[in-house]
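J.: Questions regarding the structure given below will be posed in turn.
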Amino acid sequence: MLNSQKRDYLYYIINKTRKYNIDNISRTKAYQRFFIKYPEIKWAIVASIVSRNAGWNMTDLYLLPYKKMLSDRERNQLFMTYERANWLIFSDAFPQLLIYELSLKNDLVMFDLLDDLHVSSFMKREWQIFSKTKDKNRLLTALIINEQNVIQRPVISQPYFRKKVFLSFPYVLQNNLMLNAVLLPTTTGRLYGSYIHGFTNVTNRITLGKKIARQLFHPDIYPNLMDFMLQVEHTGSRYDYEQLLPVDFPKSPMLRTVYPIIDHQDNIRIDWFKYGGIKKKWFFPEQSEVEDIGKSFYQKRNLLYAYYHVKNIFN
């Protein structure tokens, strides 16, 4: 590429990424649109459903149990944890997806642009492998590994988030009781997914990502999940899928009615791969049961509401 061409492509990638990285709603939809155009990039739909879950976790913080049990500051700190991780992953991953799209359109391997966008040397290698092998599952796993390492230092291990969020009582309680899960809703009313435990450990998050991906593409789940994602607009409220379930919970609000657009500061990116490398087991396939967890998930949420009501009575 000529230098002028390179500048034009980088300008296009950076501006399109900024356009869709304004909030959880726009990120979720951008991932989904990309997968519909390029279904061989399986990670994009995994990212979209995980992003939906992040939105639901954000608006949960406006439900009465959370408002009663947590201070405004604690709820804002939890929101910022979800938002910062969501934003950071998109800012790293979406340029990679755009470079892939440009490479196809121009019939030219353009992965050298990854250097200018501070993408890890690990992913530059993996995109080059994919361009030769077309191994969709290897690329899926590589992107899961990469993005979980991308957020490890700036969010998970960052002193502010570590002290204010991951060592706080609300997080420890949720972690120990496994109150959070990544859910895969379907139009049939069945709710698949996996519980989140030990979120601060990068290997645990990679394992969770591989489990979610394995479930998502299972032939018994994929068609009905895709029907849900294509038919139900993402608003950030759990009502998006609760309307299809036999549950009677207060509706969480739509995300854009309660949260402003956050102006993130982009710190200098450090190539995590050069400093930490990878563990071989991260590439190992993950077994995951195809199990409807809707009943157990809402039993846990009932416990949360029961705790809130008991605490309210004694207060």
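J.: Determine the distance separating the Cα centre of the stretch 137-162 from the Cα centre of the stretch 12-81; give it in Å without decimals.
T.: Each part reduced to its Cα centre gives a spacing of 15 Å.
J.: Right, another one. Can you give me the angle between helix 43-60 and the longest principal axis of the chain, using Cα atoms only, in degrees from 0 to 90, rounded to the nearest 10?
T.: That works out to roughly 30 degrees.
J.: How about Lys274: which lysines have a C-alpha closer than 21 Å to its C-alpha, ignoring those fewer than 8 places off in the same chain?
T.: Those lysines meeting the cut-off are Lys124.
J.: Just to verify a number: FRET efficiency for Ala306 and Leu245, C-beta to C-beta distance, R0 = 25 Å, to 0.05?
T.: For Ala306 and Leu245, the calculated efficiency is 0.85.
J.: Additional query: Between the stretch 174-243 and the stretch 92-120, what's the alpha-carbon centroid distance in Å?
T.: 28
J.: Another question, if that's okay. Please give the residues of the stretch 223-241, grouped as numeric ranges, whose backbone N is less than 17 Å from a label point set 7 Å along the Cα-to-Cβ vector of Val290.
T.: Zone members listed by number: 223-228.
J.: Putting +1 on Lys and Arg Cβ atoms and -1 on Asp and Glu Cβ atoms, find which of Asn106, Ile145, Ser120 reaches farthest to the positive end of the dipole of the stretch 94-152.
T.: Result: Ile145, furthest along the dipole toward the positive end.
J.: Defining a contact as two alpha carbons under 8 Å apart and six or more residues distant in sequence, what relative contact order in percent does the stretch 220-315 show?
T.: After rounding, I find 15 percent.
J.: Report, in debye and to the nearest 20, how large the dipole of the stretch 52-114 comes out about its Cα centre when Lys and Arg carry +1 and Asp and Glu carry -1 on their Cβ.
T.: Result for the stretch 52-114 is approximately 440 debye, rounded to the nearest 20.
J.: Is the stretch 1-57 best put as rounded, prolate or oblate by its Cα gyration tensor, with a ≥ b ≥ c the root eigenvalues, rounded for a/c under 1.5, and otherwise prolate when a/b is larger than b/c, oblate when not?
T.: Because a/c hits 1.5 or more and a/b fails to exceed b/c, the stretch 1-57 counts as oblate.
J.: Further question: About the Cα centre, and with charges only on the beta carbon of Lys, Arg (+1) and Asp, Glu (-1), how big is the dipole of the chain? Nearest 20 debye, please.
T.: In total the dipole reaches around 580 debye.
J.: Could you tell me the calculated FRET efficiency between Asp227 and Arg256, based on Cβ-Cβ distance and R0 = 30 angstrom, to the nearest 0.05?
T.: Step by step, r from the Cβ atoms, then E = 0.75.
J.: May I pose another question? Helix 136-150 versus the longest principal axis of the chain: what angle, 0 to 90°, nearest 10, using Cα atoms?
T.: So the helix axis and the longest Cα principal axis differ by about 70 degrees.
J.: If you count, for each residue, the other Cβ atoms within 10 Å and average over each peptide, how do 115-122, 208-215 line up from highest to lowest?
T.: Result, highest mean first: 208-215, 115-122.
J.: What is the angle, in °, between the Cα long axis of helix 24-37 and the longest principal axis of the Cα atoms in the chain? Nearest 10 is fine, range 0 to 90.
T.: It works out to around 50 degrees.
J.: From the square roots a ≥ b ≥ c of the eigenvalues of the alpha-carbon gyration tensor of the stretch 6-138, which class results: rounded (a/c under 1.5), prolate (a/b over b/c), or oblate?
T.: prolate
J.: For Cα pairs less than 8 Å apart in space and 6+ apart in sequence, what is the mean separation divided by the residue count of the chain, i.e. the relative contact order in percent?
T.: 22
J.: May I pose another question? Within 10 Å, count the other beta carbons around each residue, average over each peptide in 89-100, 244-255, and list them highest first.
T.: 89-100, 244-255
FYI, it's all coordinate maths here, none of it is from the lab. Owing to the predicted nature of the structure, the values given are computational and were not obtained by experimental measurement. With ideal geometry, Cβ positions are generated from the backbone for all residues, glycine too; neighbour counts draw on all protein chains shown.
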